[in-house]
Amino acid sequence: YVAAVYEHESILSPDPTALVDRQSALELMGRNLDIYEQQVLAAARQGAQIIVFPEDGIHGFNFTRSSIYPYLDFVLHSHSEKWNPCREPYLFNDTEVLQRLSCMALKNKIFLVANLGTKQPCEHTDPHCPSDGRYQFNTNVAFSDEGVLVATYRKHNLYFEYAFDTPPEPDYRFFDTSFAGKFGMFTCFDILFFEPAVNLIRQYNLKQVVYPTAWMNQLPLLSAVEFQQAFATAFNVNILAANIHHPTLGMTGSGIYTPVKSFIYHNMEGYGGKLIVAEIPVITTDDKANLEKAPSRVSENEHLPPLFYAEMMYDNFTFIPVWGEKGELQVCASSLCCYLNYQRAVLTNELYALGVFDGLHTVHGTYYVQACALVKCAGLSFSTCGQEVTDATALIDFQLWGNMSTPYIFPLLLTSGITLDFADHMGWKNHHYFISKNRTSSGLLTAALYGRWYEKD
């Protein structure tokens, strides 16, 4: 099928904490929706059957609970009745944004997924009801090619979003299409947690995911395109990921991903939005990862390089330098041991290190991580390992594996200029998860196994 995602540079309110009236709010959102309208038309002309827009793309961000209120549309989250906002605009008040999105889908005969703020009144008898008598949700909406509202999803894992409420229960939401079957949906920070993202995919055996996000890149392990690709690979799904474009805030990185190929956009220099359109195969069955011979155990070497510690992604990693043109290394932390076999074509003047972390990550969210990571350091001293790096020249053949305690492993493979590569082989062998690659397409930035041990969150 043909899919489209749009990385949108949203027109933002000059002062998101200011209190404005509904009319002013609609005016600002209308300017963003005008751009959406052009992009839906452009995507439809290229044959796209579905288009996905980013999180916060219509209203922006950094609101307070009261300042966002005029920007919120009313939406019913129960799905008993099918509503077409374009054809039945008068059913509910405050649905102007939904009406415009519905009309774009209908006019261009395309499935459309967008993110907006929504409100729902609640009774004080409801124990979860906020004191101001209403819920405010960060919401994805999906419209069919007829303009019918076919699914709504309320973001569960909020990322410092004080304007919004967490829904009382996680939503498991998907919608059906004639061209690719069921699409599941969740938003941004949700991708790092079991609920509802992983549970949704497993419970309903979903193979396609739509994913609006407003993601701030964090190298070396959590740049947007790197993690989106790893998720598609780890769960054997297609992901249509639309990010917002604000390079000054570190926000860029969208793409259309299959487990073996990706069409991405990552641009920290330029301004303006970017439409990606690609034809991708419908995934129907579980093709198991292509396994190869088990990695050999690392021989005990008396002259192992020194261990050192450095902070990476706000976590205290234990590292070992990767010296010379080839070698076998191991490094352990608590119950996790990481192993590396490597060979370099040419020795370059770049320092690489193999790092391990097994513990609770506590900055910007709390979640348990088990990571084995081969990273390029920012300089030649140990203290630069774990810093953000965007360019590399070293071409390395490697096999990386670890005795992970969780089945949820995200294989990361990032190359120079924030481009992606694909492992030759990966999977489980003898209670170890491994990833191997002969010769990356360009210099290696990061090769990592990012494990999420959800039960220990």
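Within segment 7-25, the set of residues being out of contact with any Ser or Thr (no Cβ under 8 Å at 6 or more places or on another chain) and either open to solvent by 30 Å² or more (accessible area, probe 1.4 Å) or not assigned by the TED database to the domain that holds Thr95 (or both) comprises Glu9, Ile11, Leu12, Pro14, Asp15, Asp21, Arg22, Gln23, Ser24. Pairing residues of segment 437-448 that are in contact (Cβ under 8 Å) with a residue 12 or more places away in the chain and farther than 11 Å from Thr419 by Cα with residues that are basic (Lys, Arg) and open to solvent by 10 Å² or more (accessible area, probe 1.4 Å), at Cβ distances under 8 Å and at least 6 apart in sequence or on separate chains, gives Ala447/Lys437. Open to solvent by 20 Å² or more (accessible area, probe 1.4 Å), in a strand (DSSP E or B) and more than 29 Å from Ile435 (Cβ to Cβ), is that true of Asp165? In short, no.
Of all the residues in segment 160-184, those that are of a type in the set (D, E, K, R) and in contact with a Leu (Cβ under 9 Å, 6 or more places away or on another chain) number 4. Across segment 214-255, which residue is nearest to the chain's Cα centre (by Cα) among those that are open to solvent by 10 Å² or more (accessible area, probe 1.4 Å) and among the β-branched types (Val, Ile, Thr)? The extreme case among them is Thr233. Using the structure shown, decide if Phe183 is open to solvent by 20 Å² or more (accessible area, probe 1.4 Å) and in the same structural domain as Gly57 (by the TED database). Considered against the rule, which asks whether it is open to solvent by 20 Å² or more (accessible area, probe 1.4 Å) and in the same structural domain as Gly57 (by the TED database), Phe183 comes out as no. The residues in segment 195-207 that are open to solvent by 10 Å² or more (accessible area, probe 1.4 Å) and either within 23 Å of Pro130 (Cβ to Cβ) or touching an Asp or Glu at 6+ places or on another chain (Cβ under 8 Å) (or both) can be counted, and the count is 1. Exactly one residue out of Cys377, Cys337 is hydrophobic (A, V, I, L, M, F, W, C), surrounded by fewer than 19 Cβ atoms within 10 Å (Cβ to Cβ) and at pLDDT 95 or above, and it is Cys337. The set of residues in segment 84-119 that are among the aromatic types (Phe, Trp, Tyr) and either within 22 Å of Phe63 (Cβ to Cβ) or surrounded by 19 or more Cβ atoms within 10 Å (Cβ to Cβ) (or both) contains only Phe111. Across segment 380-414, the number of residues qualifying as surrounded by fewer than 17 Cβ atoms within 10 Å (Cβ to Cβ), more than 24 Å from the chain's Cα centre (by Cα) and among the small types (Gly, Ala, Ser) comes to 2. When every residue of segment 40-53 is checked against the conditions, at least one turns out to be at positive phi, out of contact with any Phe, Trp or Tyr (no Cβ under 9 Å at 6 or more places or on another chain) and in the same structural domain as Ala114 (by the TED database).
Mind listing whichever residues of segment 40-74 are open to solvent by less than 50 Å² (accessible area, probe 1.4 Å), within 19 Å of Glu96 (Cβ to Cβ) and assigned to a helix (DSSP H, G or I)? Within segment 40-74, Val40, Pro70, Tyr71 meet the criteria.
Every listed requirement among (1) more than 25 Å from Leu219 (Cβ to Cβ); (2) within 22 Å of the chain's Cα centre (by Cα); (3) modelled with pLDDT of 95 or more; (4) outside the structural domain of Asn205 (by the TED database) is met by Met312 save one, (1). Checking Ala392, Ala378 one by one, the residue that is touching a Cys at 6+ places or on another chain (Cβ under 8 Å), assigned to a loop (DSSP other than H, G, I, E, B) and hydrophobic (A, V, I, L, M, F, W, C) is Ala378 and no other.
Within segment 26-39, is even one residue buried (at least 20 other Cβ atoms within 10 Å of the Cβ) and at pLDDT below 95? No; the residues of segment 26-39 include none that is buried (at least 20 other Cβ atoms within 10 Å of the Cβ) and at pLDDT below 95. Of all residues in segment 111-122, one or more are touching a Lys or Arg at 6+ places or on another chain (Cβ under 8 Å) and farther than 22 Å from Tyr159 by Cα. The residues of segment 131-150 that are touching a strand residue (DSSP E or B) at 6+ places or on another chain (Cβ under 6 Å) and either crowded, with 21+ Cβ neighbours inside 10 Å or under 20 Å from Tyr71 (Cβ atoms) (or both), listed by number, are Arg134, Tyr135, Gln136, Phe137, Thr139, Asn140, Val141, Ala142, Phe143, Ser144, Leu149, Val150.
If the condition is being closer than 13 Å to Leu374 by Cα and surrounded by fewer than 17 Cβ atoms within 10 Å (Cβ to Cβ), then segment 314-327 contributes only Trp323.
The values are calculated or read from the model by the stated rules, or taken from the named source; none is laboratory data. Computed from a predicted structure; not experimentally measured. Backbone-built Cβ (ideal geometry, glycine too); neighbour counts: all protein chains shown. In case anyone asks, the SASA skips ligands and DNA or RNA and just uses the protein heavy atoms, side chains included. Shrake-Rupley method; radii C 1.70, N 1.55, O 1.52, S 1.80 Å.
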